[in-house]
Amino acid sequence: MSVVGKLMETMLKERIVEHLKTHRLQDQKQHGLTSGRSCQTNLIDFFDWVTKIIDTGGAVDIDYLDFSKAFDTVPHRRLINKLQSLSLDSNIVEWIRQWLSDRQQRVVVNRVYSAQGLVTSGVPQGSVLGPILFNIFISDIAEGINGKVCLFADDTKICNRVDVPGGISQMTNDLGKLKKWSELWQLSFNVDKCEIMHLGRKNPRAEYRIFDTVLTSTSEERDLGVIISEDLRVSSQCNRAAGNASRMLGCVGRGISSRKGEVLMPLYRALVRPHLEYCVQYWRPYLQKDIDILERVQRRATKMGYGLKEKSYQERLNDLNMYSLKKKTRQRRYDRNI
């Protein structure tokens, strides 16, 4: 894509975002590809709702829904119809229509070219406009849904309380509405990857279907890179985070010959610690054994510098001007005005 084209897309995106904000058309359930929102806000918003029910002795079911090649299958005509329904400037809509029209693609294998085919669906990946166009297309997916819905781009999850009268039928009805939306807007679910998680001691563990396929029950789900367990404990996530961080620390140790703190610690902060702190405001451990698993990685990292190995952990932290992970996490604050 040309620089001029990117600049034009950027200007149009700014106009579209301004229009959505002015007319309050932004989807409040969407956390992906949206300024000021992230995986972290998605998880905190959703599971704050879930844990309030669990803490009162209730039970909930969470459906994790997976679209099949969502960004590649957005129908262009239906996308244009949605843009028009938002009362966007007609010149902007027409520019986007022409931008998407008459695109062609072909396959090359061993320098052999296939015939060109017309592209009638999909938002251009790597483009500036692509993400916001997809968000607009999917923005009405939760209309009429009674349960709690949270999205991150095409990653969709829906939750209902199921230990109360009508709770299971409400979840069934919500799945039926999602099925109708999928058929209407031609964005298919990958039913083989859609799963259900049952939370709460009084959970009836009901069976659900979508497109006549029984949803697979799971006791553990990787949600936006964070492992969610049906008991809501974070031990699995701590083990995974510590494992990934430890492997990266090993790569740093083997790949860098210098043992100067001013060389190693910036690499630790940039490459290792993010594994230990990704969305930690949501899953911050409270059991000492889980805290120790994470802290062990940083203990090991602080021993790698010259003259530090024989010192205590706190002395090493002081010398390197660092905090323990436990203290650093407690200092973090999350703005719940999302």
Would you work out the charge dipole size for region 186-338 about its Cα centre, treating the Cβ of every Lys and Arg as +1 and the Cβ of every Asp and Glu as -1, and quote it to the nearest 20 debye? 860
Among residues other than residue 11 whose Cβ falls under 13 Å from its Cβ, what is the net charge (Lys/Arg +1, Asp/Glu -1)? -1
For labels at residue 327 and residue 7 in the simple 7 Å Cα→Cβ model, what's the distance in nm? 5.0
Which listed residue (216, 16, 32) has the Cα farthest towards the positive end of the charge dipole for the chain, taking +1 on Lys and Arg C-beta and -1 on Asp and Glu C-beta about the Cα centre? 32
Give the distance, in whole Å, between the Cα centre of region 137-193 and the Cα centre of region 40-89. 8
Identify which of the listed values of Kirkwood radius over Cα pairs in Å was calculated from the structure shown: [x] 23.2; [y] 21.2; [z] 22.6. [x]
For Cα pairs less than 8 Å apart in space and 6+ apart in sequence, what is the mean separation divided by the residue count of region 235-331, i.e. the relative contact order in percent? 35
For helix 235-255, what angle does its Cα long axis make with the longest principal axis of the chain, in degrees from 0 to 90 and rounded to 10? 70
Using only Cα atoms, find the angle between the long axis of helix 90-100 and the longest principal axis of the chain, and express it within 0 to 90 degrees, rounded to the nearest 10. 80
Among 278, 58, 249, whose Cα sits farthest toward the positive end of the charge dipole of the chain (+1 at Cβ of Lys/Arg, -1 at Cβ of Asp/Glu, about the Cα centre)? 249
Full-extension gain between residue 108 and residue 205, please, as 0.36 nm times their residue separation minus the C-alpha to C-alpha distance. 30.0 nm
In whole percent, what relative contact order does the chain give with Cα contacts below 8 Å and a gap of six or more residues? 18
Mind pulling the angle between the C-alpha long axis of helix 288-302 and the longest principal axis of the chain? Nearest 10 degrees, somewhere in 0 to 90. 70
Cross-link pairs 289/309; 21/177; 21/52; 260/309; 52/202; 29/193 - those with Cα-Cα distance over 19 Å: 289/309; 21/177; 21/52; 29/193
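222 nm [θ] for the chain, helices only, -39500 (n - 2.57) per DSSP H run of 4+, per residue, to 500? Numbers along the way, then the final one.
Details: 13 runs with 153 residues, N = 338.
About -14000 deg cm²/dmol.
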Positive minus negative residues near residue 287 (Lys, Arg vs Asp, Glu; Cβ under 13 Å): 0
What is the percent of Cα-Cα separations in region 235-331 that go past 23 Å? 20
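Bear in mind these aren't lab numbers, they're just calculated from the coordinates by the rules spelled out. Here the structure is a predicted model, which is why all the values come from computation and not from measurement. Ideal geometry is used to build each Cβ from the backbone, glycine not excepted, and the neighbour counts take in all protein chains shown.
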